[in-house]
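Just so it is clear, none of the values below were taken in a lab; they were calculated from the coordinates. Predicted model, so just to flag it, every value in this text is computed and none were measured. As a convention, Cβ positions derive from the backbone with ideal geometry for all residues, glycine included, and neighbour counts pool all protein chains shown.
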Amino acid sequence: MNKALWLVVLLPVMAMAEPIVTDSTTKSTVHTTGSVTTTLKSPPPSAISPSLGGSNSDSCTIGVAGAVQTQILGISAGTTTRDLNCERLKNAKTLYDMGMKVAAVSVLCQDLRVFDAMIMAGTPCPYNGIIGADAKIAWENDEGEIPQPEVITKFDSKEFLLSVGGAVLGLLLLL
């Protein structure tokens, strides 16, 4: 029983003993030599082509625009092109709305496709105010007045390469 008492009294006293503390101090000096490089990143320059909108407009023009950008130089340009078929249709509609039906058909007959379609339908285009079968005879007697097919130019690769080469040379001279 002596041993049990000893354990009950001695163990709590041992637990309350102070911990062992170790204290150390270190002194050091660090010397650093180097260089710093700063890189500034900015967004690339941009050439913005002009806005040539044709939506909801009553003009018969088509907008064409483009832009080219290099690190130094930016070029943008734009233009409009007349749409002759659109003008023909608007003129014919305006004449028709004013009650001038023969004049409206005459405007449309300036297109060879419409002229041919009218002949095939058995209703030839008016000729100097003459309509119907008499107009057909008048057209046959004066074939020089029949609308001619529209000339469609073929793509000329040599001309294209010369124009692209000239543009590249111009850009190089600007740089």
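Converting the Cα gyration tensor eigenvalues of region 84-145 into ellipsoid dimensions via √(5λ) gives semi-axes, longest first, of 20, 13, 10 Å.
Maximal additional length on extending the Ala167-Asp134 stretch stands at 6.2 nm, based on 0.36 nm per residue less the C-alpha distance. Listed values for region 85-90 are Karplus-derived 3J(HN,Hα) couplings in whole Hz (6.51 cos²θ - 1.76 cosθ + 1.60, θ = phi - 60°), namely 5, 4, 4, 4, 5, 5, and x replaces Gly and Pro. A crude spin-label estimate for the pair Thr38 and Ala117, with each label 7 Å from Cα along the Cβ direction, gives 7.0 nm.
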